[in-house]
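Heads up: the structure comes next, in structure tokens.
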Amino acid sequence: QVQLVESGGGLVQAGGSLRLSCVASVRTFSIYAMAWFRQAPGRDREFVAVISRSGTSAYYADSVKGRFTISRDNAKKAVYLQMNSLKSEDTAVYYCAADRSSTGTIATMYDYWGQGTQVTVSS
């Protein structure tokens with residue numbers, strides 16, 4: 001069983017930055033690919049970024065490419081999402097997710113989820 005706890009959300013002006021963190025309570029963190037998804041009111045949960053188990057490769061949604069960076073620290077059992085040049089359309093609840101067998105972009109492929117952290121970008 002994997003428990004994930006996100007933090008770092010908040011209110012920021014457009015053009016600003018936030019860094020989200022997700023800490024896992026699990027025996028072996030490095031066997032899980034980690035991803036960030038987000039969900040805005042009235043919309044489906046959408047993929048943001050995913051990072052491989054070793055942290056050597058990452059993949060981003062086109063909407064955040066060049067602005068967001070996903071990283072992980074396996075020793076700390078944590079994954080991060082650095083968000084720069086934030087836009088109002090980035091406003092959403094952000095979730096981290098973990099899976100042993102997938103580095104995909106589809107939410108249903110992930111077995112474990114955090115409770116989410118709210119990010120609000122004011123224009």
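Any read-out appearing in this document is the output of simple, stated calculations on the displayed coordinates, not a laboratory observation. From a predicted model like this one, the values you see are computed outputs, not experimental measurements. Heads up, the Cβs are rebuilt from the backbone with ideal geometry, glycines too, and the neighbour counts pull from every protein chain shown.
So residue 45 ticks every box in (1) closer than 18 Å to residue 100 by Cα; (2) of a type outside the set (A, V, I, L, M); (3) in contact with a helix residue (DSSP H, G or I) (Cβ under 7 Å, 6 or more places away or on another chain) but one. Which box is left unticked?
(1)
Filter the range 56-66 for residues that are over 18 Å from residue 117 (Cβ atoms) and in contact with a helix residue (DSSP H, G or I) (Cβ under 9 Å, 6 or more places away or on another chain) and give the result.
63
Can you find even one residue in the range 64-75 that is hydroxyl-bearing (Ser, Thr, Tyr), more than 20 Å from residue 41 (Cα to Cα) and more than 15 Å from the chain's Cα centre (by Cα)?
Checked the range 64-75: no residue is hydroxyl-bearing (Ser, Thr, Tyr), more than 20 Å from residue 41 (Cα to Cα) and more than 15 Å from the chain's Cα centre (by Cα).
For every residue, the table says whether it meets (1) in contact with a Phe, Trp or Tyr (Cβ under 7 Å, 6 or more places away or on another chain); (2) of a type outside the set (S, T, N, Q); (3) in contact (Cβ under 8 Å) with a residue 24 or more places away in the chain.
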{"site": "7", "(1), (2), (3)": "no, no, yes"}
{"site": "10", "(1), (2), (3)": "no, yes, yes"}
{"site": "13", "(1), (2), (3)": "no, no, yes"}
{"site": "19", "(1), (2), (3)": "yes, yes, yes"}
{"site": "22", "(1), (2), (3)": "no, yes, yes"}
{"site": "28", "(1), (2), (3)": "no, no, no"}
{"site": "32", "(1), (2), (3)": "no, yes, yes"}
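Could you grab me the full set of residues in the range 50-89 that are hydrophobic (A, V, I, L, M, F, W, C) and within 15 Å of residue 4 (Cβ to Cβ)?
50, 51, 70, 78, 79, 81
Under 7 Å by Cβ, and 6 or more places apart or on different chains, what pairs join a residue from the range 102-120 that is closer than 16 Å to residue 52 by Cα and touching a residue at least 40 places away in the same chain (Cβ under 8 Å) with one that is assigned to a helix (DSSP H, G or I) and not aromatic (Phe, Trp, Tyr)?
102/109
Taking the range 26-75 as the region of interest, how many residues are surrounded by 14 or more Cβ atoms within 10 Å (Cβ to Cβ) and part of a strand (DSSP E or B)?
21
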